[in-house]
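The values are calculated or read from the model by the stated rules, or taken from the named source; none is laboratory data. Please read these numbers as outputs of a predicted model, since none were measured by experiment. Cβ placement follows ideal geometry from the backbone for every residue including glycine, while neighbour counts extend to all protein chains displayed.
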Amino acid sequence: MKYKIDILCKALNLGTPRSPAIRCQGGRTHQSWRIDTDTGSYIIKQLNTPDIHAIESSEQIARTIHQTTTLALIPAIQPVDSTSPIIMLEKNAYLVFPYIASHPLNTITPQHSAQIGRYLATLHTLRLPVTARDDVGLVAADITAIALPHHDRLTQQLTQQAPWLHTLYQTCQRYTDIFKQHCVISHRDLDPNNVLWRDACTPVVIDWETAGTINQTRDLLTTALYWSFNPDYTVDHARFIAFIESYLTTGGVIEVNDIEAGLYGMTADWLNWLNECLQRLLSAPPNSAEAILCAREATRTLTALPQLVAQFINLCSYDVFASTTKIG
């Protein structure tokens, strides 16, 4: 990787590296490194996707948002080269960002949830002059039919949950038409992993690679749930309500007929993620870092899905949905 970093530093005039690159923690889809040079510090992200055009579209959205709003409204980190952000090097695609001292939250409070709810409402009310991605499709095949050599425990878990997963898949398919209605342009993955904090009150939004078009209520409920989950994927009611109420008071709108579909939209996202993990696992060398990561993520998703769906009836009955005057 060192010689690639040297090439990128030269191409973008980043300066001369002072020390070896440091691999960043996290990154379930892409790999990132921090590099310190004589001109500053930077994050180099290697994109793990065959659809470079989709990434280019998403980066155009992020760039337009940055140009349209102040950082106080949508605080985001822009690539070093904002005009041609994606750099191709030996068939690999890279994004390079300035490094900003920040960290993920250790504890999410209702105040944090409310703050992100306001940001999401602001993002949803923008009218951007861009052509957005429109890829709201579900998984392409029945994931329960995938065989996983070298992963007996995961295969057993997948087999045991197969009938329930197939029913869940069919349920999500019924909402496909709704997913394509009442759409806005959004980040589409504004979970706590993609928001770093300079301090307890100052967030910075990262990882805009999936930005595009999405049903507004689906995006709201998915994001609100991410900012409300406890470690066991039960929902913290105070954080969830704080997110929804702040979203509504900032001008966001909920389509009442989309609420159930919006909740199942999150399970559709997780089915997509499960499918991606299983496909990557099939092509990864046994016991490699990629295989370990994908097996862990697939197991986590299979465990969390039933816990999520079991809470839908209770979530739909929240007073915040029934009493607000801002429901469409």
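Considering only residues of the stretch 140-158 that are in a helix (DSSP H, G or I) and loosely packed, with under 12 Cβ neighbours inside 10 Å, which is modelled with the lowest pLDDT?
145
Would you be able to say whether some residue in the stretch 244-256 is under 20 Å from the mean Cα position of the chain (by Cα), surrounded by fewer than 19 Cβ atoms within 10 Å (Cβ to Cβ), under 21 Å from residue 315 (Cα atoms) and of a type outside the set (Gly, Ala, Ser)?
No, that holds for no residue.
Restricting attention to the stretch 88-118, which residues are out of contact with any helix residue (DSSP H, G or I) (no Cβ under 9 Å at 6 or more places or on another chain) and either closer than 14 Å to residue 246 by Cα or not in a loop (DSSP other than H, G, I, E, B) (or both)?
97, 98, 103 - these are the residues of the stretch 88-118 that are out of contact with any helix residue (DSSP H, G or I) (no Cβ under 9 Å at 6 or more places or on another chain) and either closer than 14 Å to residue 246 by Cα or not in a loop (DSSP other than H, G, I, E, B) (or both).
Restricting attention to the stretch 22-75, report how many residues are farther than 30 Å from residue 201 by Cβ and at pLDDT below 70.
Looking only at that region, the number is 3.
Looking only at helices (runs of 4 or more DSSP H) that fall completely inside the stretch 230-328, which ones have 3 or more residues that are of a type outside the set (D, E, K, R), free of Cβ contacts under 8 Å to residues at least 60 places away in the same chain and assigned by TED's automatic domain parsing to the domain that holds residue 191?
Details: elements: 237-249, 259-283, 289-309, 312-316, 319-323.
By residue number, 259-283, 289-309, 312-316.
For the stretch 217-229, what are the residues that are surrounded by fewer than 23 Cβ atoms within 10 Å (Cβ to Cβ) and in a helix (DSSP H, G or I)?
Correct list: 225, 226.
For the stretch 1-21, enumerate the residues that are surrounded by 13 or more Cβ atoms within 10 Å (Cβ to Cβ) and at pLDDT 85 or above.
Result: 14, 15, 17, 21.
Out of everything in the stretch 189-207 that is aliphatic (A, V, I, L, M) and either surrounded by fewer than 15 Cβ atoms within 10 Å (Cβ to Cβ) or not in a strand (DSSP E or B) (or both), what residue ends up being farthest from the chain's Cα centre (by Cα)?
200
This table checks each residue for (1) among the hydrophobic types (A, V, I, L, M, F, W, C); (2) free of Cβ contacts under 8 Å to residues at least 24 places away in the same chain; (3) within 19 Å of residue 247 (Cα to Cα); (4) in contact with a strand residue (DSSP E or B) (Cβ under 7 Å, 6 or more places away or on another chain).
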site: 169; (1), (2), (3), (4): no, no, no, no
site: 177; (1), (2), (3), (4): no, yes, no, no
site: 182; (1), (2), (3), (4): no, no, yes, yes
site: 191; (1), (2), (3), (4): no, no, yes, no
site: 206; (1), (2), (3), (4): yes, no, no, yes
site: 214; (1), (2), (3), (4): yes, no, yes, yes
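Read through the list (1) touching a Leu at 6+ places or on another chain (Cβ under 8 Å); (2) more than 22 Å from residue 259 (Cα to Cα); (3) in a strand (DSSP E or B), then give the number of the only condition that residue 185 fails.
For residue 185, the exception is condition (2).
Starting from the stretch 10-39, keep only residues that are under 30 Å from residue 278 (Cβ atoms) and among the hydroxyl-bearing types (Ser, Thr, Tyr), then list their pairs with residues that are assigned to a loop (DSSP other than H, G, I, E, B) and modelled with pLDDT under 85 whose Cβ atoms are within a distance under 7 Å, requiring at least 6 positions of separation or different chains.
Pairs found: 29/48; 32/24.
Which of the numbered conditions does residue 261 fail, given that it passes all the others? Conditions: (1) more than 19 Å from residue 314 (Cβ to Cβ); (2) in contact with a Phe, Trp or Tyr (Cβ under 7 Å, 6 or more places away or on another chain).
(1)
Just one of (1) part of a helix (DSSP H, G or I); (2) closer than 15 Å to residue 272 by Cα; (3) among the β-branched types (Val, Ile, Thr) trips up residue 210, so point out which.
Checking residue 210 against (1) part of a helix (DSSP H, G or I); (2) closer than 15 Å to residue 272 by Cα; (3) among the β-branched types (Val, Ile, Thr), the one that fails is (1).
Give the residue that is surrounded by the most Cβ atoms within 10 Å (Cβ to Cβ), with candidates limited to residues of the stretch 170-188 that are over 22 Å from residue 143 (Cβ atoms) and polar (S, T, N, Q).
This residue is 186.
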